[in-house]
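Report on the structure given below.
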Amino acid sequence: MKEVVLQLSQLHFLSYKDFIDFQKDVCIGCNGHFNTRKEYKHYNISKSDCTGDCWTEEVTETTHSVTDTDFYRFTFGFSQEYQRQLRDIKQRLRERIFEERNNGAVSLREKLEQKLHLEPQQKKVAIEAILKDYLHDTTNLSHQGAREMYPLDHKLDVVFHNVLLGDLQLVWKNHNHTRERYEPQAIKSHTRCWSFQDVEAEAILELPYLEFYNSIMKNTRFAGYHTLFEEFPGVLEEVQQMPVQIEVKPYVYNRR
Amino acid sequence: MMVKYVITGGPGTGKTTLIHELQQQRYAIVPEAARQIIQEEQQKKEGILPWTNLYEFQRKVVERQLDLEEKVGSEICFVDRGIVDNLAYCRMGKIEVPQDFQKIDLKNRYVGVFLLDFLPKYEIDLQRKEDALVAPRLHDMIKFVYIELGYGPTPVPVLEPKERARYVIERIQRGDTL
């Protein structure tokens, strides 16, 4: 499996501490901690430097395994079809914002010309600065010849990362590069905190986004989730019927 | 040339919090000169403070404020209290306006002025000793001097800092601050 190294910039609505907590031993429903047991594994790894010198180093890998058994472990995802639909929504939103900004700039310039009472040179500078700021998100910031880079695209990437609850997906997709491992590699919820259908064995549930979101996002650790949506109203309404597939199973602690 | 917007209001209106929020959102800022000077002077044995020597204090503030406003290097910037505020403080303290003032073109110095409404709870800190009863009078005096100089201060309601920052930016981007 490809190793994914977490960078802080990948997290947008969870703090790094919250992220590690969910990886390690925290219930997503009540934020309570599960009991864990540490297991250590020692082994040697070979290393070499650019001069060709080789040596071995002994390293210790720590695995934190949850020992409780009254919880579900789960992961979730969105079908290819819905991911494609999301890309379309994102593209439409981008085009709409570009159009709004370009039209808005024309009327803003007219308004400033009429209302700003400054010396002519001062007025010219002020108008250009205000317009530059107004168009900041839709201005290509890359150097000539380089790939175009608009701040709006970065914002939209983050918004849609949040729509897909990207920070939570990293909880099981990310294998951090320290020598700490967390078992089970999934989101954890006490059975009493589980708001969906109970299962006795591995199951795949399909729920509308809104239902999943209303249940999971009650957790106070997700307060940062809503910040960007305020700037792009309407996005959440567009996705609320999108189905979320949840892969869930009761956890069985495998005592070795 | 900088395009300067003033964030002002009486003591305890949340100016510094808003300024910090705007700074977080990529904007250049000018910190409040008076607060800096009080902090510095409080360290000295016989420091010049507004409650010991208001005239000399205001002179120092204007000098520092001009210096701070010169140093910013961005096109749009937000000033935590404009130089005009000092005029209001001088009038409230019934003292002569420092001579340096008379050389400054106060009418064309700022592109817009945002006047912050009072927060529900006024907090007194070490650098801010205005009595809670004086604060509203000072607020009105600040508003008055800006209007007298031809500015139309835009009122900013009490909101969360992020929302207040957005309110300010939206007013600028709609050309409503002039």
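For this structure, a couple of remarks:
- For the protein assembly as shown, the Stokes-Einstein estimate of translational diffusion at 10 °C and a viscosity of 1.306 mPa s comes to 60 µm²/s, using the Kirkwood hydrodynamic radius over alpha-carbon pairs.
- Among A:Leu135, A:Val159, A:Val125 - extreme Cα towards positive end, dipole of the range A:116-159, charges at beta-carbon: A:Val125
- Dividing the radius of gyration of the alpha carbons in chain A by their Kirkwood radius gives 1.11 for Rg/Rh.
- Within straight-line reach of A:Lys188, meaning a Cα separation under 15 Å, sit the following aspartates and glutamates at least 8 residues removed in sequence or on another chain: A:Asp18, A:Asp21, A:Asp25, A:Asp68, A:Asp70, A:Asp167, A:Asp198, A:Glu202, A:Glu247.
- 222 nm mean residue ellipticity, helices alone, for chain A (DSSP H n ≥ 4; -39,500 (n - 2.57); rounded to 500): -11500 deg cm²/dmol
- Degrees, to the nearest 10: B:161-173 long Cα axis against longest axis of chain B: 70
- Straight-distance crosslink candidates among lysines, where the alpha carbon sits under 24 Å from B:Lys15 and sequence neighbours closer than 8 are dropped: B:Lys4, B:Lys60, B:Lys71, B:Lys107, B:Lys121, B:Lys129, B:Lys143, B:Lys162
- Under the Karplus curve 6.51 cos²θ - 1.76 cosθ + 1.60, θ = phi - 60°, whole-Hz ³J(HN,Hα) for the range B:142-157, x wherever Gly or Pro sits: 4, 4, 4, 5, 5, 5, 4, 8, x, 8, x, x, 8, x, 10, x
- Dipole magnitude of chain A, debye to nearest 20 (Cβ charges: Lys/Arg +1, Asp/Glu -1, about Cα centre): 220
- Just so you know, the Cα atoms of the range B:1-91 work out to an Rg and Dmax of 13.4, 40 Å.
- Proximal aspartates and glutamates to A:Lys47, defined as alpha-carbon separation beneath 14 angstrom and excluding residues fewer than eight positions away on the same chain: A:Glu57, A:Glu58
- Dipole magnitude of the range A:92-155 about its Cα centre (Cβ charges: Lys, Arg +1; Asp, Glu -1), debye to nearest 20: 80
- Trypsin sites (Lys or Arg not before Pro) lying in DSSP loop within the range B:1-96, provided at most 16 other Cβ fall within 10 Å: B:Arg26, B:Lys44, B:Lys45, B:Lys94
- Distance between modelled label sites at A:Arg87 and B:Asp140, nm, 7 Å Cα→Cβ extension: 6.3
- Note on the range A:92-155: lysine pairs with Cα distance below 23 Å, sequence gap of 8 or more or different chains, count 9.
- Relative contact order %, the range A:92-155, counting alpha carbon pairs below 8 Å whose residues are six or more apart: 30
- In the range A:92-155, the convex hull through the Cα atoms has an average projected area of 5.3 nm², a quarter of its surface area.
- Amide H contacts of A:Glu183: A:His64, A:Ser65, A:Val66, each under 5 Å away and 5 or more positions distant or on a separate chain (H built 1.01 Å from N in the peptide plane; Pro and chain starts excluded).
- Each of B:Val97, B:Phe114, B:Phe144 was placed along the dipole of the protein assembly as shown (beta-carbon charges, centred on the mean Cα), and the one lying farthest toward the positive end is B:Val97.
- Rg in Å to one decimal, and Dmax rounded to a whole Å, for the range B:27-178 via C-alpha atoms: 15.7, 49
- Of the chymotrypsin sites (Phe, Trp or Tyr not before Pro) found in the range A:206-256, the ones in coil according to DSSP and having at most 15 other Cβ atoms within 10 Å of their Cβ are A:Tyr253.
- Placing +1 on the Cβ of every Lys and Arg and -1 on the Cβ of every Asp and Glu, with no other charges, gives the protein assembly as shown a dipole of roughly 460 debye about its Cα centre.
- 10 Å-binned pair-distance histogram of the range A:190-256 (Cα, whole percent): 16, 40, 29, 12, 3, 0
Read the figures in this text as sums done on the coordinates, not as results from a lab. Nothing here was measured: the structure is a model prediction, and the numbers come from that model. Because the Cβ atoms are built from the backbone with ideal geometry, glycine has one as well, and the counts that use them run over all protein chains shown.
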